[in-house]
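J.: Okay, handing you the structure first.
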Amino acid sequence: MRGAPTILHLDMDAFYASAEQAAKPSLRGKPVIVGGLGPRGVVATASYEARVFGVHSAMAMAQARRLCPNAAFLTPRFTLYRQVSDAVMALLHTLSPLVEPLSLDEAFVDLEAGGTQPTAEAARAVGERLRNDIRAVTGLTGSVGLAGSKMLAKIASEQAKPDGLVLIEPGTERDLLGPMPVRTLPGVGPATAEALRRAGIHTVAETREAGEAELVRLLGRAHGASLFLMANGRDERPVVAERDAKSISVEDTFDVDLTDRTRVQLEIARLADRCVRRLREAGRSGRTVVIKVRRYDFSTLTRSETLRGPTDDPGVVREAAARLIEGVDTTAGVRLLGVGVSGLADYTQEDLFAQAAQAAQAAQAAEAAQAARGAQAAQGARAAHEALEDGRRTPGPATPEHVAAGAGEASEGAGKPRRWLPGSDVRHAEYGAGWVQGSGVGRVTVRFEEPWSEPGRVRTFAVDDPALEPAEPLPLLRPEEAAGRGGAVGLDRVGGPEEVVGRGGGVGSDRVGGPGEVAGREGAVDRERDVGPGEVAGPERVGGPEGAVGRGVGSDRVGGPGEVAGREGSVDLERVGGPEEVAGQGGGVGPEPVGGPEEAAGRGGAAGAGPADARPAAPGGGHQPGREQGRGRGQPVTSSP
């Protein structure tokens, strides 16, 4: 414990949801929920407007839809979140060389190591300046806690939410902690809390009064002793700038249980390759390969194999994972698969046996390729001979079947519809930058707006419209405005050793959080760093002719000939869908009506709507927020009373 509040804890407020609101003007002040949108998705972050309905992180997305059906349900955009996180971490590095990131949006800072005077006034001034700088550089808000220990600094930042600062004066720790529930203390989870509850211990004060001997008897020596110290406000853990990861892993949750053995093996191979990519990005190698299998009944098992030495060879990890999955019965159905590597090291040791196996496979592939080339040469010779014979015959109509077949395959691949997930960035050749509100039944609804613009208009296109393309996230601040404030949170790297970010040229922080991690797939809430589950659990289910993108369990039926394109993946989930209602309307949250009679067809309307088909909106009632243009037949926009 320190005699001055020189340990700072920063926690960005509803980080993912706040970033989405900053990027989408039409969502500001509205409930926003970010997470997995499939039937088994989990909430990663909910905005404060959604939390008043009872929505919180790690909640099943289906439950969140029931509690707050009119919220904007968006898929995470980790590219944007990492850019903002890099800018924030760079600001923290200007305060002190000792910065301990916990996740993309949370970190401890040792202010004393950065030269801050060990007084409450100096620490408070640094905290206030940090909050102002974060708002200037990113446009977002963060809560700051200051105390003499990491535990108390984190408790202070929780009390400061949202967008506040709380400083705990040394000497007041016991009085502050006393009435708090025992779950407030680090390391007290549901199991520990239940054990204490059975013993009649509910608050931190009661934990302290129970005494160290009783806590050791209930929880064991190590856990009981540390809990007693924390209940007395004592926490000696230092701020550690670099924490060594113990393992690196990836996992996927599937919308539909896998029962096909071949599919399971292919998914394991794909996960092994993703795991190795993360391993190499971290500059590490591993000795032990682990697979994780969660069956249809939620029973979970793991299998591991220790190699002869650490490796980052994808072939070696893939083969080990394949051997492990062979010993697991998956015929009843698998809802989750994972592959991880532990026993990390900074060097690699080649596996000669694996190399020999790979060489044999390469030789077999070369022989197969040589045989294929020989067959092609023979086929070419026969074709030349037939052409020579044809030249001697009387010319007549010819139909080159092999060309026609190839053309048919090309057209089939070209006609395959693209996937448009709610919240993802797009760009249209005519209307510019926007984001997807929803898609389904062959159409995609897009709101065209930028982070620094007014709430934009909504238009609907065919999913294969050639003028509509995926795009990279826009910076949260206008580029010239961000440059004037000291650093943009744009697409470029923020905070390198020679770059200036915010109030000074801080050293760029390392990336926090594994690539592509999506909290909210099977319970992970993106609190892991390089490890941990929570990666994207396969592509979200895209509704076919009768469905919508990313629908949750328990949602109203969507689709059908007279119903709406892509409602459940979009922003507004009110019931829609008669012949007179709108294609793709479930996304609007903007207050203005969108699309008049002249807009219901042609530019903004769905494919097939002609100008002659557009009719005025039904009188009375006005537009629902974000109501769209007419459907393919050009029906008018109607309103709910």
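The values are calculated or read from the model by the stated rules, or taken from the named source; none is laboratory data. Predicted model only: the values in this text are computed from it and were never measured. FYI the Cβ positions are ideal-geometry reconstructions off the backbone, even for glycines, and counts take in every protein chain you see. Heavy atoms of the whole protein, side chains included, go into the accessibility calculation; ligands, DNA and RNA do not. Shrake-Rupley method; radii C 1.70, N 1.55, O 1.52, S 1.80 Å.
J.: By its C-alpha gyration tensor, with a ≥ b ≥ c as the square roots of the eigenvalues, how is the stretch 64-199 shaped: rounded for a/c under 1.5, else prolate for a/b larger than b/c, else oblate?
T.: Values: a/c = 1.96, a/b = 1.03, b/c = 1.90.
Because a/c hits 1.5 or more and a/b fails to exceed b/c, the stretch 64-199 counts as oblate.
J.: Could you work out the local net charge near residue 24, counting Lys and Arg as +1, Asp and Glu as -1, over the other residues with Cβ closer than 11 Å to its Cβ? Write down the numbers at each step before the final one.
T.: On the way: positive: 28, 30, 77, 447; negative: 20, 425, 449, 450.
It works out to a net charge of 0.
J.: Consider just the alpha-carbon atoms of the stretch 165-260 and return their Rg together with their Dmax, both in angstrom.
T.: Cα-based Rg and Dmax for the stretch 165-260 come out at 18.2, 62 Å.
J.: Right, next: By the scheme Lys and Arg +1, Asp and Glu -1, what is the net charge of all other residues having a beta-carbon under 12 Å from that of residue 192? Let's see the in-between values first.
T.: Numbers: positive: 183, 197, 198; negative: 194.
Cβ neighbours under 12 Å give a net charge of +2.
J.: Once the Cβ-Cβ distance between residue 121 and residue 174 is put in as r, and R0 is 25 Å, what FRET efficiency do you end up with, to the nearest 0.05? Intermediate values should be presented prior to the final figure.
T.: Numbers: r = 23 Å, r/R0 = 0.93.
Efficiency, rounded to the nearest 0.05: 0.60.
J.: Related question: Under a 1.4 angstrom probe, counting protein chains only, how are 173, 194 ranked by accessible area, largest first?
T.: Details: 173 25, 194 70 Å².
Descending order: 194, 173.
J.: Now for a separate question. Which FRET efficiency value, to the nearest 0.05, do you get for residue 288 and residue 418 by plugging their Cβ-Cβ distance into 1/(1 + (r/R0)^6) with R0 = 45 Å?
T.: 0.70
J.: Still on this structure, please answer the following. Can you pull the one-decimal nm distance between simple spin-label points at residue 471 and residue 430, each 7 Å off the Cα toward Cβ?
T.: Going from the residue 471 label point to the residue 430 one covers 1.6 nm.
J.: What shape does the stretch 1-142 take by its C-alpha gyration tensor, where a ≥ b ≥ c are the square roots of the eigenvalues and a/c under 1.5 counts as rounded, a/b above b/c as prolate, and the rest as oblate?
T.: Numbers: a/c = 2.47, a/b = 2.26, b/c = 1.10.
The shape class here is prolate.
J.: For the full complex of protein chains and a 1.4 angstrom probe, list 452, 420 by accessible area with the highest value first. Walk me through the intermediate numbers first.
T.: Values: 452 70, 420 5 Å².
Ranked from most to least accessible, the order is 452, 420.
J.: Oh, and also: Below 14 angstrom from the Cβ of residue 142, what's the summed charge of the other residues (Lys, Arg +1; Asp, Glu -1)? Mind dumping the intermediate values first?
T.: Details: positive: 129, 131, 135, 154, 161; negative: 11, 13, 105, 106, 128, 133, 158, 163.
Net of charged neighbours comes to -3.
J.: A further question follows. With labels modelled as points extended 7 Å from the Cα through the Cβ direction, what inter-label distance (nm, one decimal) is found for residue 280 paired with residue 262?
T.: Roughly 2.8 nm, to one decimal.
J.: Could I ask something else about it? Considering amide H positions built from the backbone, and no H for Pro or chain starts, which residues 5 or more places from residue 450, or on another chain, come under 5 Å of its amide H?
T.: Under 5 Å from the amide H of residue 450: no residue qualifies.
J.: To continue, here is another question. In sequence order, what are the phi-derived ³J(HN,Hα) couplings for the stretch 3-20 according to the Karplus relation 6.51 cos²θ - 1.76 cosθ + 1.60 with θ = phi - 60°, rounded to whole Hz, with x for glycine and proline?
T.: x, 9, x, 9, 10, 10, 10, 10, 9, 5, 7, 6, 3, 4, 5, 5, 5, 5
J.: Under 20 Å from a label point 7 Å along Cα→Cβ of residue 2: give me every residue in the stretch 82-103 with its amide N that close.
T.: Under cut-off, by backbone N: 89-103.
J.: Also: How would 449, 281 rank on accessible area, largest to smallest, probe 1.4 Å?
T.: On the way: 449 10, 281 110 Å².
Order by accessible area, largest first: 281, 449.
J.: May I ask you to derive the FRET efficiency for residue 270 and residue 194 from their Cβ-Cβ distance with R0 = 35 Å, giving the value to the nearest 0.05? Working shown, then result.
T.: Working: r = 39 Å, r/R0 = 1.10.
After rounding to 0.05, the efficiency reads 0.35.
J.: Something else now. Under the 0.36 nm per residue contour assumption, what length would be gained going from the current alpha-carbon distance of residue 304 and residue 217 to full extension?
T.: 27.9 nm
J.: May I ask you to compute the full-extension gain from residue 464 to residue 159, defined as 0.36 nm times their residue separation minus their alpha-carbon distance, rounded to one decimal in nm? Walk me through the intermediate numbers first.
T.: Details: separation 305, 0.36 × 305 = 109.80 nm, distance 4.85 nm.
Between residue 464 and residue 159, full extension yields 104.9 nm more.
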